[in-house]
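The values are calculated or read from the model by the stated rules, or taken from the named source; none is laboratory data. Since the model is a prediction, treat every value here as computed from it, not as a measurement. Note: ideal-geometry Cβ built from the backbone for every residue, glycine included; neighbour counts use all protein chains shown. Surface accessibility is based on the protein's heavy atoms, side chains included, excluding ligands, DNA and RNA. Shrake-Rupley method; radii C 1.70, N 1.55, O 1.52, S 1.80 Å.
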Amino acid sequence: MADKLNLGPLKSVRVDALVVLKICKHASSSHPQIVTGQLLGMDVEGELQITNSFPFPSTEAPVSDEKDAASGAAAAPRAKANTYYQTEMVRCLREMNVDANSVGWYQSASLGNFLNTNFVENQFFYQSSLNERTVALVHDTARSTTGALSLRAFRLTPQFMAAHKEGKFTVESLQKHNLTYRDILTELPLTIHNSHLLTNLLHQLDNPAPAPLTSLSFSTPMPLAPNFDALDLSIDPFLEKNCDLLLEAIETHYSEVNNQQYYNRQLAREQAKITAWQAKRKSENQLRASAKQPLLPEDEWQRLFKLPQEPSRLETLLNSKQIEQYSKQIDAFTASVSAKMFAVNQGLPRTEE
Amino acid sequence: MADQGSYLHLARPLPTVPVPHQHATTAPLNVTIHTQALFSILDHSLRRNMDQDRVIGTLLGVRSDDGTEVEIRNCFGVGHNESQEQVEVDMEYHKTMLGLHLKANPREVLVGWYATSPELNTFSALIQNFYASNGEGTFPHPAVHLTISTNPGEDIQIKTYISSAVGVNPDRIADSCLFVPVPHEIRYAESEKSGLELIAGAKNNEDRSTPVMTDIGALEKAVEDVLGMLERVSNYVSNVIKGDAPASTAIGKFLMNTLSLAPKVNAADVERMFNSHIQDVLMVSYLANTIRTQIDLSGRLATYNFSPKDPLAVAPTVASK
C-alpha cells in the first residue's frame with residue numbers, strides 16, 4: 001500500500017459500459033428511493049478504472065425507528081450487516097477473474113439531492129478506512145431520463161478529511177482548515193470505456209439486417225435508436241421540482257442559521273453572567289483583602305457556569321453546497337431550454353389571424 | 001442459421017419404450033434480453049481463463065405469469081471445467097451467488113443459463129437438464145439457454161433455446177435433450193437509454209472511450225442528429241423525384257403521417273406562450289443565482305474571522321459571481 005501513496009492524487013475515473021448499465025438499472029428499479037452499491041476495479045497510474053459493480057441489498061431497518069428505515073439503503077455501505085454480503089460477493093467475483101478491489105461505491109440521486117450527511121459519512125468511511133483511493137459515483141436518475149446521462153465521480157478533499165477526523169465543525173475549526181462549502185468535494189473527470197467485444201456488438205446492433213419496409217412501425221424502437229429526449233420541451237415540471245428543492249434547502253439553511261444565532265445569544269448571555277460574577281468576586285476579594293481575610297478563589301466560575309455547546313457547522317456546509325448545486329443545475333437547464341424555446345418559436349409554422 | 005449446428009443430441013440406441021420422465025413444458029415463449037445481461041456476458045467472456053474455450057453462467061430475470069414471456073435482466077458467471085469426457089460445474093458457487101443476487105434483487109428469478117460458444121453438445125444437454133430440473137432448476141418452466149459467439153473478428157451471434165426431453169433410454173436421460181430455438185429480441189429499459197446512447201457514442205472512437213456529456217452537449221448532438229436525418233430523407237425524396245431511387249409506398253405514407261403532425265398555431269398565441277415561459281425560466285434562474293450569492297455570503301460571514309489582523313486578505317469575492 002505504501003508505494004501506492006507515492007503515485008500522486010487520482011486524476012480521472014474510467015467507467016466500463018457494463019458498470020454504467022448496472023448502475024442505471026439498479027437506480028431506476030427502485031426510483032425514487034436511493035440505492036447504493038459497491039464499485040470494483042483497479043487504480044492504474046492515477047486513473048481509477050471501474051470495471052464491475054454490485055448492488056447492496058437495502059437493509060431491513062428496525063421497524064421501531066422510522067427515520068432509519070428511510071436511510072436504510074443510504075447507510076448500507078457502512079452497515080455492519082452488509083459486511084458479510086460484501087466479502088462473500090467479492091470472493092465469488094474474484095473466482096470469476098473480476099478485478100476484486102474495492103474502489104468506491106455508487107449512489108443514485110434525484111435532481112442532485114445527494115449532498116447530505118449520509119453521503120459524506122459513507123465517502124469518509126471509504127476514504128479513511130478501506131483504501132484511500134476510492135470514489136463515489138453519483139447517478140442522477142431524474143436528470144438522466146430527461147437528457148444526457150448524469151454520472152459524476154466525487155472525492156472528499158484532504159481539508160475536509162482532516163476536519164472530519166477531528167470530528168467537530170465549529171467556526172474555529174473551519175477557519176483553521178480554511179474550509180468553505182466549496183471545498184468539501186472534488187469532482188473527477190469521468191470517461192466511459194467499452195471493451196473490444198462490446199464495440200463489436202454495438203456495431204452489429206446498429207446495422208441490423210434491413211427489415212422489410214412493409215412491416216415498419218413506430219411502435220417497436222430498434223436497439224440503439226437515436227435518443228431525442230434532449231429535445232423535449234417540458235419546462236414546468238423540472239423548474240417546479242427544482243424550486244421545491246431549493247425552497248426546502250433554504251428552509252434548512254434558515255433553521256441552521258437560527259440555531260447558530262441562538263447559540264451566539266446564549267454564549268453572550270453566559271459570558272455576561274461570568275463577567276458579572278468575576279467582578280463581584282473581585283470586589284469581594286478586595287473587601288476581604290482590606291479586612292485581612294483569606295481570599296476566595298477567582299477561577300471557580302468554570303465549575304459554576306457551563307458554556308453552551310457550539311452547534312456543528314457541517315449541516316450548514318453541506319446545505320450550502322446543495323444549494324449551489326441546485327442553482328448550477330437550474331443555470332444549465334436555463335441555458336439549454338432557452339435555446340430550445342427560441343428554436344421552436346422560430347420554427348413553428350403559423351397561421352395569420 | 002439452422003445449418004450451422006445440430007440442435008438434436010441423442011444418445012443411441014433409440015429406445016422403444018416411452019421414458020417416464022417428468023419434463024418442463026415446452027410451449028413456445030418469447031425471450032427478451034436486456035442489454036445489461038449481454039454486456040455482462042461479454043465481460044465474463046473476456047475474463048475467462050486462458051485454457052477455456054467457453055464460459056458459462058446463470059441467467060436471471062423475470063417471467064410473466066403464464067410463462068410465455070421471459071425477460072433476461074441479469075446474469076453471473078459460474079466456474080466450470082470441461083474435458084473430453086466430463087464436465088464439472090461449480091454448483092456450490094452457483095448456489096451462493098444465486099443467494100447473494102436474490103438478496104439484492106428479490107424480484108428476479110432463475111431463468112436459465114448462457115454459454116459463450118455457439119456450439120451445442122452433450123455437455124450442454126447435461127447442464128441444460130440441471131438448470132431445468134425439478135427443485136433447484138426452473139421447473140415447471142423451461143430453462144432458457146442462450147449462446148453467444150465471442151470469437152474475435154467475427155460477428156456476435158446470439159441464439160436462445162429451450163429444451164424438451166427426447167425419448168432415449170433411461171440411463172442416458174440426463175445428457176440428452178432436444179434444443180428448440182426460440183425467438184429473442186434485445187431491449188433496453190427507458191432509464192438506460194441515455195447511458196446506452198453515450199456508450200454507443202464511443203463505438204467509433206479509436207480508444208473506445210468517451211467523456212460524459214453535458215446537457216448542452218447532448219442537445220447539440222440531438223440537433224445534429226435530427227439535421228442529419230432530415231438531410232437523408234430529403235436526399236431520398238429528391239432521388240425518388242428524379243427517378244434515381246425506387247419509390248416506396250410505405251416510406252411515403254410514413255412521411256405523410258409525420259408531416260401532418262406539424263401543428264398549425266396562432267401567431268399571437270405562440271408569442272404569448274413563448275414570452276410567459278421564457279420569463280418564468282429566466283426569473284427562476286435569476287432567483288437561483290441570487291440565492292446562491294446570498295448563501296455564499298452567509299457562509300463567509302459565519303466563518304469570517306473578525307479579528308482586525310488583515311481584513312482585506314480574505315475579503316469575500318462574491319460580487320464577481
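Assorted remarks:
- 1.4 Å probe accessible area per residue over the stretch B:96-210, in Å²: 39
- Across the accessible surface of the stretch B:170-253, with the other protein chains kept in place and a 1.4 Å probe, carbon and sulfur atoms take up 57 percent.
- Legend: residue pairs A:Lys241/A:Lys321; A:Lys11/A:Lys241; A:Lys340/B:Lys242; A:Lys165/A:Lys241, Cα-Cα distance threshold 27 Å; pairs beyond threshold, A:Lys11/A:Lys241; A:Lys340/B:Lys242; A:Lys165/A:Lys241.
- Computed from protein heavy atoms with a 1.4 Å probe, the total accessible area buried between A and B is close to 8900 Å².
- Taking all protein chains together, A:Tyr326, B:Tyr304, A:Tyr84 sort by accessible area into A:Tyr84, B:Tyr304, A:Tyr326, largest first [probe 1.4 Å].
- Residues in the stretch A:159-203 reached by a label modelled at B:Thr293 [backbone nitrogen below 20 Å; 7 Å Cα→Cβ]: A:181-182
- Using the Cβ of B:Glu92 as centre and a radius below 14 Å, the other residues enclosed give a net charge of -3, where K and R count +1 and D and E count -1.
- Look at where the Cα atoms of the stretch A:266-321 and of the stretch A:115-179 average out, and the two centres are 38 Å apart.
- Cα gyration tensor, the stretch A:266-317 - rounded (a/c under 1.5), prolate or oblate: prolate
- The simple Förster model, with R0 at 25 Å and r as the Cβ-Cβ distance, assigns A:Glu88 and A:Ser129 a FRET efficiency of 0.80.
- Residues in the stretch A:11-41 that, when all protein chains are in place, have 50 Å² or more less accessible area than the chain alone would give (probe 1.4 Å): A:Leu18, A:Leu21, A:Lys25
- In this structure, B:Gln157 and A:Lys241 have a Cβ-Cβ separation that, at R0 = 41 Å, corresponds to a calculated FRET efficiency of about 0.35.
- Extension gain, B:Ser234 back to B:Asn266 (0.36 nm per residue minus Cα-Cα distance, nm): 8.8 nm
- In order along the stretch A:82-88, phi translates into HN-Hα couplings of 7, 4, 4, 4, 4, 5, 5 Hz, rounded to whole numbers, per the Karplus curve 6.51 cos²θ - 1.76 cosθ + 1.60 with θ = phi - 60° and x for Gly and Pro.
- Computed from phi, the 3J(HN,Hα) profile of the stretch A:336-342 under the Karplus parametrisation 6.51, -1.76, 1.60 (θ = phi - 60°) reads 6, 6, 5, 4, 4, 5, 5 Hz, with x in place of Gly and Pro.
- The Cβ shell under 13 Å around A:Leu115 holds other residues with a net charge of -2, Lys and Arg each +1, Asp and Glu each -1.
- Lysines with Cα under 22 Å of B:Lys103, excluding same-chain neighbours fewer than 8 positions away: A:Lys22, A:Lys25, A:Lys80, B:Lys95
- Inter-part distance, the stretch A:232-252 to the stretch B:224-287, computed on C-alpha centroids, equals 30 Å.
- Taking amide H positions as modeled 1.01 Å from N, with prolines and chain starts lacking one, the residues under 5 Å from B:Ala132 and 5 or more places away or on another chain are B:Thr138.
- Charge sum, other residues only, whose C-beta stays under 9 Å from A:Leu188's C-beta, Lys/Arg counted +1 and Asp/Glu -1: +2
- Gain on full extension, evaluated as 0.36 nm per residue between A:Arg303 and A:Lys176 minus their Cα-Cα distance, stands at 42.9 nm.
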